[in-house]
Amino acid sequence: MKFRALFFSAVAALGLTATPLAMASSHREAPGISEDPAADNTDVWAWVEPKTHDKLYIVASWIPFEEPSGGPNFHKFSDNVLYEIHIVRGVANLDDAVTFQIKFKSTPFPVVDPADLTKPLGGGKEFFSQIAGSQQTYTLVRVEKGVQTVIVADVPVAPPNIGPRTNKIAYKIDKYDNAFAASFIKEGTDKIKVWAGPRDDGFYIDLARIFDLANILEGKATDSLSGFNTHAIAIEIPTALLTGTGVAPKEGGSDAQTLGIWASSARRKVQILRGNGNDQLAGPWQQVSRVGLPLINEVVIGLQDKDRYNRTTPKTDVANFAGYFLTPVLVRDAEAVGIYTALGVPKDTVETFKKDRLDIVDAINLKALPGHNIPLTSTGDVLRVDIGIDSGFPNGRPLIAGAKPNQEQADVTDVLLSLVLTKKLSGLSDGANSNDKNFLPVFPYLALPWEGFSEGHGKAAP
């Protein structure tokens, strides 16, 4: 019972304060990271190939609310951010067994004389970035037991979906379609496949009503992320590489074959702005953002600790944030703004939602699945995936197998809202129940990015 005591002592120690309701999987969820969109984790999806369980798919996304027409400097991964996907093996602890590190590099623009009209296009003296000649590439490295293995190196990032003239002149294609986007899939070492670039933001939620102090009982539900893009990294990994034995997982559920998956971003601790464009970055990497399970930092962690949460790792979650799990601030906020009163929930019932919420921990730790007994001390913000059985949230988070092609396997917003606010896994909904595009049935799974020329958020000019 040592863990339980630690939970309750943390509750007493934390000076919890009420916060506004915040619901996006991880979009601008903390004050600090809202000022650094290129490093802002938005979502993580992960699941095994149904039936065969021979491959693990991970799709991690960054950069929220990308306006498709937002040029001339369209959104991209930052060359100065270390993007990482972390995989925990087993349930004894939350230390990384395997880490995938992704670093990006953009071709620098040479210094040219803009008045020299004899020179060809290129070099950055153009108004249009897509004909300036710069190409962003990335390198993917697997780190396991201190050994670094390069999976792919200097692979091109898929470009933004700007419009038909860009397709013809800059990209030399007829149409920005699935075939073009798929040409950026690269298979590297150990048959690991990877893809990186812009995609449709696959998360759907009604932010407009929720951020009006959870005003979900009035107005009409909308998908507030409709028409926005994000930047994604998708990886396909043979599961034999992740079991620790070198062989494929055995059929059936077990803690030993359960992985914990989360993604993060880090920047160098020291940045010196020199004023001439040659800024200096130095020091060790400092994590500035992370996401594992959807909505943990948004729904569970209070505003005062959201930045600290982004700068720590899952293995410290019990010590740092236990009180938030047992006494969720969302319940008190919902009560304060009248949600329970409007729904006719008795006050005595509401009181049972405010404390001793080990049911939240049990859901995170897959207690309902046979063969699972994850220690409470190993609780943390990781997306658990048992690779010996088919995935289904909260055992993984599949982008496939939804009831409709534009729905992921589970509406995680509704599940988490219902769990935290009512101790059930269903019953509450924000009203945004499907994505604005169909997910793909094949790698990299997220839909194509919206086109800037014809699908931006601007309105017709009067």
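Restricted to region 358-462, the set of helices (runs of 4 or more DSSP H) holding at least 3 residues that are touching a helix residue (DSSP H, G or I) at 6+ places or on another chain (Cβ under 8 Å) and buried (at least 23 other Cβ atoms within 10 Å of the Cβ) comprises 412-422. Of the set (1) crowded, with 22+ Cβ neighbours inside 10 Å; (2) over 14 Å from the mean Cα position of the chain (by Cα); (3) at pLDDT below 95; (4) within 25 Å of I400 (Cβ to Cβ), all apply to T258 but (3). With respect to (1) surrounded by 14 or more Cβ atoms within 10 Å (Cβ to Cβ); (2) touching a residue at least 40 places away in the same chain (Cβ under 8 Å), the lone exception for D212 is condition (2). Taking the listed residues D206, D177, D190, the one that is touching a residue at least 60 places away in the same chain (Cβ under 8 Å) and surrounded by fewer than 21 Cβ atoms within 10 Å (Cβ to Cβ) is D177, with no other qualifying. Does region 91-99 include one or more residues that are touching a Pro at 6+ places or on another chain (Cβ under 8 Å), among the charged types (D, E, K, R) and part of a strand (DSSP E or B)? No, there is no match, as no residue in region 91-99 is touching a Pro at 6+ places or on another chain (Cβ under 8 Å), among the charged types (D, E, K, R) and part of a strand (DSSP E or B).
The residues listed here are I237, I301, I272, I296; of these, the one that is at pLDDT 95 or above and either aliphatic (A, V, I, L, M) or surrounded by fewer than 24 Cβ atoms within 10 Å (Cβ to Cβ) (or both) is I237. Could you go through region 334-349 and let me know if any residue there is in contact with a Ser or Thr (Cβ under 7 Å, 6 or more places away or on another chain) and touching a residue at least 60 places away in the same chain (Cβ under 8 Å). No: region 334-349 contains no residue that is in contact with a Ser or Thr (Cβ under 7 Å, 6 or more places away or on another chain) and touching a residue at least 60 places away in the same chain (Cβ under 8 Å).
Output the residues belonging to region 415-448 that are within 23 Å of A46 (Cβ to Cβ), free of Cβ contacts under 8 Å to residues at least 60 places away in the same chain and not aliphatic (A, V, I, L, M). Within region 415-448, S418, S426, N438, P441 meet the criteria. Of the listed requirements (1) on the phi > 0 side of the Ramachandran plot; (2) within 29 Å of the chain's Cα centre (by Cα), K172 misses just one: (2). Checked against the criterion of being loosely packed, with under 13 Cβ neighbours inside 10 Å and touching a helix residue (DSSP H, G or I) at 6+ places or on another chain (Cβ under 6 Å), the candidates L117, L121, L94, L56 yield just one match: L121.
For region 191-212, taking the residues that are outside any helix (DSSP H, G or I) and β-branched (V, I, T), the one that is modelled with the lowest pLDDT is identified as I205. Residues that are part of a strand (DSSP E or B) and of a type in the set (S, T, N, Q) within region 233-263 comprise just one, T258. Just one of the listed residues (L366, L399) is in contact with a Lys or Arg (Cβ under 7 Å, 6 or more places away or on another chain) and in contact (Cβ under 8 Å) with a residue 12 or more places away in the chain, and it is L366. Taking the criterion of being in contact with a strand residue (DSSP E or B) (Cβ under 8 Å, 6 or more places away or on another chain) and of a type in the set (S, T, N, Q), the residues of region 88-112 that qualify are T99, Q101, S106, T107. Just one of the listed residues (T222, T230) is part of a strand (DSSP E or B), over 25 Å from G380 (Cα atoms) and among the β-branched types (V, I, T), and it is T230. Within region 336-351, the set of residues being surrounded by 13 or more Cβ atoms within 10 Å (Cβ to Cβ) and at pLDDT 95 or above comprises V350 only.
The values are calculated or read from the model by the stated rules, or taken from the named source; none is laboratory data. The shown structure was predicted, so the numbers you read here are calculated from the model rather than taken from an experiment. Heads up, the Cβs are rebuilt from the backbone with ideal geometry, glycines too, and the neighbour counts pull from every protein chain shown.
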